[in-house]
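Structure first, then comments.
The values are calculated or read from the model by the stated rules, or taken from the named source; none is laboratory data. These figures come from a predicted structure and were not determined experimentally. A quick note on method: Cβ atoms are made from the backbone with ideal geometry, for glycine too, and the neighbour counts reach across all protein chains shown. Areas reflect the complete protein model, heavy atoms only, side chains present, ligands, DNA and RNA absent. Shrake-Rupley method; radii C 1.70, N 1.55, O 1.52, S 1.80 Å.
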Amino acid sequence: GLLGVATGDVAGKGVPAALYAAFASGTIRSRAFERRAPADLLQRVNRTLRRKSVEGLFCTVAYALFDFPERTLRLANSGLPHPLHYRAAEGRASALDVSGLPLGTFDGVSYDEIAVALGPGDAVVFFSDGLVEARNGWEEYGEQRLLRGLEVHAALPAPALGERMLADFEAFLGEESPA
């Protein structure tokens, strides 16, 4: 009845950043099996990354634990853009405001955690800054465009919602959407 979801982004490029991302991802996966609360998981992952510190590398992660029997979401964040929550009962989407310092940057960091009640038809969208900061010429894709897209397409089943939002993003960039 529990599902953990992690979305992240690593600072840097090339082989060092890819290796750091793989190490961070593996650490998150191994800690997730301990069934820790999201804030506790991020704190422990941060501690592990600090012990294996690599100068100039860090990552941002939003980690959520969906509890389907309880219809709740518990969320902690270490610097990723705030996930979006579409509330079907209201027909509106908003950001889940929980912040924290990037993983691997400082020792002794603790993380905040929020609990969100989920209703029938609700949707939660995780994304990195690369999506909202993408440009088509001078115009930035932006969080407001993402919010509007979520509100417009939220009634779709989850796979179709993801495909539609990705197609909207690709259309903004002027790219062909896969068939």
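For this structure, a couple of remarks:
- Screening CYS59 against (1) surrounded by 21 or more Cβ atoms within 10 Å (Cβ to Cβ); (2) within 17 Å of VAL124 (Cβ to Cβ); (3) among the hydrophobic types (A, V, I, L, M, F, W, C) leaves a single unmet condition, (2).
- Conditions (1) out of contact with any strand residue (DSSP E or B) (no Cβ under 8 Å at 6 or more places or on another chain); (2) buried (at least 20 other Cβ atoms within 10 Å of the Cβ); (3) of a type in the set (A, V, I, L, M): number failed by LEU73: (1)
- Screening the range 19-43 for residues that are open to solvent by 60 Å² or more (accessible area, probe 1.4 Å) and not polar (S, T, N, Q) and picking the one that is farthest from ASN77 (Cα to Cα) gives LEU19.
- Answer residue from the range 126-155, given it is in a loop (DSSP other than H, G, I, E, B) and either at pLDDT 95 or above or open to solvent by less than 60 Å² (accessible area, probe 1.4 Å) (or both) and is nearest to LEU75 (Cα to Cα) among those: PHE126
- Of all the criteria given as (1) free of Cβ contacts under 8 Å to residues at least 40 places away in the same chain; (2) open to solvent by 30 Å² or more (accessible area, probe 1.4 Å), the one not satisfied by GLU113 is (1).
- Of all residues in the range 1-18 being of a type in the set (Val, Ile, Thr) and either in contact (Cβ under 8 Å) with a residue 24 or more places away in the chain or crowded, with 18+ Cβ neighbours inside 10 Å (or both), the one that is farthest from LEU103 (Cα to Cα): VAL5
- Residue in the range 28-37 that is among the small types (Gly, Ala, Ser) and touching a Leu at 6+ places or on another chain (Cβ under 8 Å) present: yes
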